[in-house]
Structures are given as C-alpha cells and as structure tokens.
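Colleague: Pasting a structure below so you can have a look.
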Amino acid sequence: MTGDEQGGDSGGFAVPDAPSRPGEKSHFEPWTYTPEDLSQPDPKTCTAEDTADHSEGLIRVLDDDGVASGEWNPNLSADELSLGLEQMCRLRIFDDRMMKMQRTGKLSFYMRSLGEEAIAISQTMALQNHDWLFPTYRQPGCQFVRGRSMVSMINHCIGNVEDNVKGRQMPVHYTYKDGHYISVSSPVGTQFSQAVGVAMASAYKGEDQATITWIGDGASAEGDYHYAVNFASVFKPPVILCVVNNQWAISTHKNFASGGENFATRALPYGIPSLRVDGNDFLALYSVTQWARKRAAAGLGATHIEILTYRTGAHSSSDDASRYRPADEHEYWPGGDPIERLKNHLILNGDWSEEQHSELEQRLDEEVVAAYKEAVTHGDLANGPWPPASTIFTEVYEEVPWHIQEQREELGK
Amino acid sequence: MTEMNMIQSLNSALDNLLESDPNVLIFGEDVGYFGGVFRVTDGLQEKHGSKRVFDTPLAEGGIAAIAFGMGLNGLRPVMEIQFADYIFPAYDQIVNEMAKLRHRSGGEFSTPVTIRTPAGGGIKGGHHHSQSPESQFTHTPGIKVVYCSNPYNAKGLLISAIECNDPVVFFEPKRCYRGPFYGDPHNVPTWKGHEYSEVPEEHYSIPLGEANLTMEGDKCTVIAWGAMVHVAEQGIKDSGISCDLIDLQSLVPWDRDAVVNSVKKTGRCVIVHEAPKTSGFGAEMSASVQERCFYHLESPIERVTGWDTPFPHSTEWDYLPSPQRIAEAIKRTQED
Ligand SMILES: Cc1ncc(C[n+]2csc(CCOP(=O)(O)OP(=O)(O)O)c2C)c(N)n1
Ligand SMILES: [Mg+2]
C-alpha cells in the first residue's frame, strides 16, 4: 500500500492505491488454492451458508500443471474441451485482428477480451441455447458459441451498411437477438439489475429459461449491482449474477471498488448462494455455471459468482495501461492464461498437440482474415459506405412521429 | 501568458485553486493516479497528494452524494463525471438534492459543488459518449450551468464555478480539448496560434452569467455554446453575411441583455446547439428573444440543433449541426 492510510501523519480519510504502479515491481499474493479444497454441494438443497467456504476460497479444477481433479470437475469429453479451446483461440485471434484494424482507422474504437476468453466461452457453453445472455462489452465471445457469423460481427464493428444496429452504436456494442444476446449498452452496470427482470419474466411465463449476466469489479460499485442482488434475493428468479473481478477498471484498481478483498461473500447476507471461481480455468467456470443453472431450473433462484481473473490488455484501444500499472503485471497473475491452461490440459491428456494447436491458429487466422475481407466489401468506418443517414430517424419510436419526420426531410438524406 | 490547449488550461485552473484553497478537493473515476481519461487532472495528484486529488469507486450517484456532503460540511469539492452521458446515475443527487438544499433549509445550508464533465459529439462516441445534456440541468432551479468553448474561457469560467457558492454543472466540449472544431472532421487544427489559446498561468476569472461577443456584425445574431461556437463561426464565414456571434458561456444564468441588445441591432436571430431541438435550451432563448425583441425582429428566429434522436455513431456528421446548415439558416433570416 502506498496510499495514505487513515490515521497516518496527516490524518484524514483513507485513500487506497494499487499494489504496484509503473516502475514498481509487480506483485500478487501466491495462491494456495487447489482443486481438492472445496466440495460440491447439492445445488437443489444448498443454502447461502453452505457456500461460505466457496465464496471465501476459490473453486478450481485445473491445477498449475494442467491436471483436472476434484468434485467440481465437469468431466467434459475431449471433443467438448477442444471445441472450447478453439472458441477461445478464435476470440483471441479475432480481437488481435480488430485491434490492428482499429489502429488503421477502420474502427473508431475496440475492446479486447484478452486473458478473459474462458469466461464468455465456457459459461455460454455450459448453458442452454435459449438462455438469455446479458453481457458487458467484455463477453462478445458468447456470440461465437451461439453461432453468430464473424462477418456480421465485423460489419457491426466497422459500422458499415450491413451493421445490424445500423451504425448507431460504438464497436463491440453488439446486438444478437437470435442468440439471446442482449444489446450491449455503454453505461456500465445497468444490465445487471435488468437481468433480474428478464429472469422474473421467464419465471412468470413458466419457462425453463435462465438469464446470466456479468458486471465488472469496477461497475459493481454502481447502484445497479446492489439493486440486482437485493431484488434477486427477494424475488428469487432464475438468474446467474457474475462479477468479473479482473483487478482493474480502466486505471482504477479494484481496491477502489470495495474496501473489502472479496466480492463473492457480498451476496451471502442476502441469502444468495455465492461461489468464487478461478476465471482462467475453463473447467471450473463450466462447472459452476452448470451448478447455478441447475438451481435456476429447480426454481431455487439466483446464484452469485465472483470470477477471479486479470485484464491482460489495456482497457480499450484508447488507453495505454503501462501509464498506470507495470507493463508486465499480467505475467505475475497467479491464474496464468486461460488458453495456455486448457491447451496444456488437453496435451497432458494426449488429446492435443503443439502441431495441432499451430494448425488451429493458422486456420483461425485465415478464417478471420477472410471474414474481414468479406465485411469490408460492405464498407468500413473510414471510407464508407455507412448506413444511410435516414437510419438516424427510424426506430426512435415504433412509428416515426411528425416532428422527427420533418427533421428527416430537413436533412434531405 | 502561455499558449495552452483546453486540457492544459483546465488543469491550470484546478492547480491554482488547489494551491490557494485547502478546502478544494478533486475526485472522480480515473482522475487520481492516471490524471483523467482526457488528462485534465494530469499531475495534480502527484503535486497535491492523494488526499486532495483521488480516484473513487465507479458510481456516479455516490460521487455526487459525497460531494454534496463535503460541500455541506465546509469543503469545496470539484467532482468529475467521466462523460456527461454518465451523469444520470447522479441525477437524483444533483436535481433533487444539491439544487434544493439551500432553499429547503431556509438558507441555513448550501453546498458549493462543481461538477466537471466532458460533453458533446464529434469523437465517434455513439449514443453514450456524445450527448450534450445541458437542458436537463437548465430546467432545474438551483443549479448553475456553464459551457466553455476555448482554453481562455475554460480556465476563467472554471475558476468562477469553483468559487461560486452554488452548485455548478460545468460542461467541457470534449471535441475541442485539443483544438477548435469547425465542423469538418478532416480538418483537425490544434489550439496553436488561436487568439483564445493565450492563457495566464495565474488565477483569473470570467464572471458566470456573462456572454462573450466573439464576432461582430450587423445583419444577424448567431448564438452558440461549446463546440458549436466554432462551427457557427465557420457557418457565418460561409454565409458571407455580417453577423454578431455570441458565445453564451453561461446558460444559467444567461446573459439576456447581451442577446437582446444584439438582436435589437440586427433584427435577426439564429440559435445553434448540438443537443436535440425539443426542449433544448434554444427553445428557452427563442421564447425570451421573442418576448423582448418582437418589434425588432425582421424574420422568424431560427434554431439549428441536433435532431430529436439518439446520437449516432457512423453517421454523426449528419447529426451534428454543420456549417452548411448554419449558413442556410442565416441566409433564410435575410429573406423578406
Ligand atoms: C455509468 C458509467 N460510468 C462510467 C463509464 C466509463 N467507463 C467505461 S468502462 C469503465 C471501467 C469499467 O471497469 P470494470 O467494471 O471493472 O469492467 P472491465 O472494463 O474491467 O471489464 C468506465 C469507468 C461508463 N461506461 N458508464
Ligand atoms: Mg474490471
């Protein structure tokens, strides 16, 4: 702590700081958590108190050597695991390409999922296809799992004539209704409490449909986080409330999001079972999500999950993270890299090899390049063609009222 | 005098007041160590310490609430809302609380909070990094509303806002942080050499409630604020018509005399703002000009504004008032 603590020389209130800043040595407390630490309670009878250890500790399946074990092992087939690996690689390679395109002005802005690929991919794979996904900008990977075409995603990011949201939103603010993936909105946190309402509607209609939503460690300071947890504790709808604690909110360390160390235990006094999971462990993520889904299906209400991970890249294409944290901090993250970990696990099991992995990366890179080439044939942000200006005026209301019609005629486009 | 861009001049205002008034505290999301996502508070934490310039939890409602409390208890808080679009979680604290404290307590309490916030379009920010919500605050009695447009008035107005004992919402046109914006996205000038980039290092203030006549003419009065001041300047040049250009600077209270006197002289009036037209502050001004200048008006008052729609991403140049739309409006006012 380099911040001024309460009762220090100058008195006053406490102002925290990050554990290390540029020029200082990166540091994380080493993890002592192992896959054997925590039992898996019966989802049908589990109470909030029964998850006290699970919210204090850390649910892991893969150990540091890539061996899977423990009660939380979802025992997925080699095919399922290699599909998960492929989707994570697809997302990373896609992100890389988009970031490059942003640097050349083809996109106005971009945000990567770097280091957090397992979250969207594994959790979406663990759910039913008709379950609602209520993401932030850091879970675009869900769409690959739900089968969205990459060309369509790029069309959105480059705001061309084929963008399904008609150039209205910034890149990465995807909408994909066919995949039950709800439009990303920039104001952080709003989705979290909205998801509770979506889940209440599913319950009201008597449908076996769960809603999963994510919020960042930073945004969990917003009122919306607290509304969500409280309303979910009262109405007990089938919702899975995930806090993605990736240590940073732009330049603000998670020490500012809460004075406590732990995000998972927050839900316990509300009577909501809560788990803390290694966010770079594909298998553990899959397993906790499946467990929460079983509670939802049984009508037992919400599950709260803290996903412990690290934001390896900068916040977005607009910032340089080395101005506020050590440039190498990610190398010290005790949870390692989600792709490397699953890959090592598959290799260890004899289900994968370095050669296969390079071939996969090669194939995915070609896939992304081909998708990009196809998307730009419909225009890009730098050169157009863009959606017609008339799209400014439509879909503000169900029908265009007279005053907006007049303004459209005034623009004359 | 030193040549500064708007980021530097705002930073200089904050630095002056941190020096001179120990009760000034600065806080918000990413304003501390990093110095703000637009760099306006760069270096201030290092210089003045993390007790006076600090990051907060990401919760605008909470930021405004602690500002309210600090101001009530003798401090002079300057809070930042990272984008004006994110002021709405704080709206209750501002509109129902800060705005009414003095009145509701019979004058016994007040809270001198300054809310700095980057606003407006032109940076491909889409729906939620582009809005210009000034009229959501001009419609709230008890709040002063300021909108700077250049490095010189940014500093002078910010100092007045912070020294003001009423709560002030202070809008900064983010498109103009590094240079004026003349409505052409391909022309990206810096503030270098601009008459309003010469800024004193030391403390000075521009009174709230005073407009600035930035161009003088006799055929039409054009009124604008924020980034639109520069777009209007271009529109006037393109129209070839001799106009007064009034940079309003303060919206509440606004300089009605300056506007009325100019319109009485020119007989014509064009109001420009980038926020939507319906219930925009232009509507208020237009009504007041009509009340005060009815017998002097030679043609209907024109409003050139953003459309009554959310702010778009790809097509933002079709949304923002352009020099061309402004020039056409000026010309319409000249028709018999
Ligand atoms: C209401 C609101 N306030 C501020 C912002 C600006 N902003 C965008 S992302 C961000 C940080 C979010 O951090 P976190 O919630 O931890 O998510 P992460 O980016 O780490 O995934 C901020 C402050 C915003 N988008 N919405
Ligand atoms: Mg975060």
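Colleague: What are the extents of the Cα atoms of region A:289-351 along their three principal axes, in Å, largest first?
Modeller: Result, largest extent first: 48, 36, 20 Å.
Colleague: Something else: Could you give the angle, 0 to 90 degrees to the nearest 10, between helix B:256-266's Cα long axis and the longest principal axis of the Cα atoms of chain B?
Modeller: 20
Colleague: From the convex hull of the Cα coordinates of chain A, what is the mean projected area in square nanometres?
Modeller: 23.1
Colleague: Given the rule -39500 (n - 2.57) for each run of at least 4 DSSP H residues, summed and divided by the residues of chain B, what is its mean residue ellipticity at 222 nm, to the nearest 500 deg cm²/dmol?
Modeller: Here the helix-only value at 222 nm equals -9500 deg cm²/dmol.
Colleague: Here is a further query. Which angle between 0 and 90 degrees, to the nearest 10, do you get for helix A:190-204 versus the longest principal axis of chain A when only C-alpha atoms count?
Modeller: 90
Colleague: Using Cα springs under 10 Å in a Gaussian network model of chain B, which residue among B:ARG52, B:ARG303, B:ARG104 shows the largest mean-square fluctuation?
Modeller: B:ARG104
Colleague: List, largest first, the extents of the alpha carbons of region A:323-365 along their principal axes, each in whole Å.
Modeller: 39, 25, 11
Colleague: Can you check how the C-alpha radius of gyration of region A:165-317 compares to 2.2 N^0.38 Å, as a plain ratio?
Modeller: Against the compact-globule rule of thumb, the ratio is 1.03.
Colleague: For region A:140-247, take the alpha-carbon Rg, divide it by the Kirkwood Rh, and send me Rg/Rh.
Modeller: Rg/Rh for region A:140-247 comes to 1.01.
Colleague: Still on this structure: If one puts a single equal scatterer on every Cα of region B:108-164 and applies the Debye formula without solvent, what log₁₀ I(q)/I(0) results at q = 0.22, 0.24, 0.27, 0.29 Å⁻¹?
Modeller: Scattering profile of region B:108-164, log10 relative to I(0): -1.01, -1.11, -1.21, -1.24.
Colleague: Right, another one. If you count only protein heavy atoms with a 1.4 Å probe, what accessible area per residue comes out for the protein assembly as shown, rounded to a whole Å²?
Modeller: Using a 1.4 Å probe on heavy atoms only, each residue of the protein assembly as shown averages 38 Å².
Colleague: Something else: Check each residue of region B:110-152 and keep those whose accessible area, probe 1.4 Å, is at least 10 Å² smaller with all protein chains in place than in the chain alone; give them in order of residue number.
Modeller: B:LYS124, B:GLY125, B:HIS127, B:HIS128, B:HIS129
Colleague: If you average the alpha carbon positions of region A:67-81 and of region B:27-59, how far apart do those two centres end up, in angstrom?
Modeller: 45
Colleague: When chain A is modelled as a GNM with alpha-carbon springs shorter than 10 Å, which of A:ARG323, A:ARG146, A:ARG97 fluctuates the most?
Modeller: Between A:ARG323, A:ARG146, A:ARG97, it is A:ARG323 that shows the largest mean-square fluctuation.
Colleague: Within the set A:LYS177/A:LYS343; A:LYS177/A:LYS205; A:LYS106/B:LYS124, which residue pairs have Cα atoms separated by over 22 Å?
Modeller: Exceeds cut-off: A:LYS177/A:LYS343.
Colleague: If I fit a long axis through the Cα atoms of helix A:354-376 and take the longest principal axis of the Cα atoms of chain A, what angle between them do I get, 0 to 90°, rounded to 10?
Modeller: That helix lies at roughly 30 degrees to the long axis.
Colleague: Round to a whole number: what % of the accessible area of chain B belongs to carbon and sulfur, probe 1.4 Å?
Modeller: Carbon-and-sulfur percentage of accessible area, whole number: 48.
Colleague: Across 5 Å bins from the origin, how do the percents of Cα pairs in region A:331-413 run, short distances first?
Modeller: Distribution as computed: 3, 11, 11, 10, 9, 9, 8, 8, 8, 7, 7, 6, 3, 0 percent.
Colleague: On to the next question. Per-residue ellipticity at 222 nm for chain A, helices alone: DSSP H runs ≥ 4 residues times -39500 (n - 2.57), over residue total, nearest 500 deg cm²/dmol?
Modeller: Value at 222 nm, helices only, nearest 500: -10500 deg cm²/dmol.
Colleague: A further question follows. One-quarter of the Cα convex hull surface for chain B, in nm²?
Modeller: 16.1
Colleague: Chains B and A: buried accessible surface, both sides, probe 1.4 Å, rounded to 100 Å²?
Modeller: Separately minus together, B and A give about 3500 Å² buried.
Colleague: Of the candidates B:GLY235, B:GLY35, B:GLY107, which one comes out as most mobile in a Gaussian network treatment of chain B with C-alpha springs shorter than 10 Å?
Modeller: B:GLY107
Colleague: Based on Cβ point charges of +1 for Lys and Arg and -1 for Asp and Glu, what charge dipole magnitude is obtained for the protein assembly as shown about its Cα centre, in debye rounded to the nearest 20?
Modeller: The calculated dipole for the protein assembly as shown is roughly 1620 debye.
Colleague: Write down the Å³ per residue value for the convex hull defined by the alpha carbon atoms of the protein assembly as shown.
Modeller: Cα-based convex hull of the protein assembly as shown, divided per residue, equals 166 Å³.
Colleague: Going by a ≥ b ≥ c, the root eigenvalues of the Cα gyration tensor, does region B:212-334 fall in the rounded group (a/c under 1.5), the prolate group (a/b larger than b/c) or the oblate group?
Modeller: Prolate shape, in that a/c is at least 1.5 and a/b is the bigger ratio.
Colleague: Another question about this same structure. Find the Cα radius of gyration of region B:2-199, compare it with 2.2 N^0.38 Å by division, and give the number to two decimals.
Modeller: 0.98
Colleague: Rounded, prolate or oblate, given the Cα gyration tensor of region B:95-197, with a/c below 1.5 counting as rounded?
Modeller: oblate
Colleague: When the dipole is taken about the Cα centre of chain A, and only Lys, Arg (+1) and Asp, Glu (-1) are charged at their Cβ, what size is it in debye, to the nearest 20?
Modeller: 1160
Colleague: Any idea which of A:THR47, A:THR309, A:ILE154 is furthest toward the positive side of the dipole for chain A, if Lys and Arg beta-carbons carry +1 and Asp and Glu beta-carbons -1?
Modeller: Projecting each Cα onto the dipole axis, the largest value belongs to A:ILE154.
Colleague: Could you point to the residue in A:SER322, A:ASN230, A:GLN194 farthest towards the positive end of chain A's charge dipole, with +1 and -1 charges on the Cβ of Lys/Arg and Asp/Glu respectively?
Modeller: Result: A:GLN194.
Colleague: With charges only on Cβ, +1 for K and R and -1 for D and E, what is the dipole size of region A:82-148 about its Cα centre, in debye, rounded to 20?
Modeller: The calculated dipole for region A:82-148 is roughly 360 debye.
Colleague: If a/c stays under 1.5 just call it rounded; otherwise compare a/b with b/c (prolate if a/b is bigger, oblate if not). Do that for region B:162-271, with a ≥ b ≥ c from the square roots of the Cα gyration tensor eigenvalues.
Modeller: oblate
Colleague: With the contact rule set at Cα under 8 Å and sequence spacing of 6 or more, what percent relative contact order holds for chain B?
Modeller: After rounding, I find 16 percent.
The values are calculated or read from the model by the stated rules, or taken from the named source; none is laboratory data. Just so it is clear, the model here is predicted, and its values are computed rather than measured. No Cβ is skipped: glycine too gets one built from the backbone with ideal geometry, and neighbour counts run over all protein chains shown. Only protein heavy atoms, including side chains, enter the accessible area calculation; ligands, DNA and RNA are left aside. Shrake-Rupley method; radii C 1.70, N 1.55, O 1.52, S 1.80 Å.
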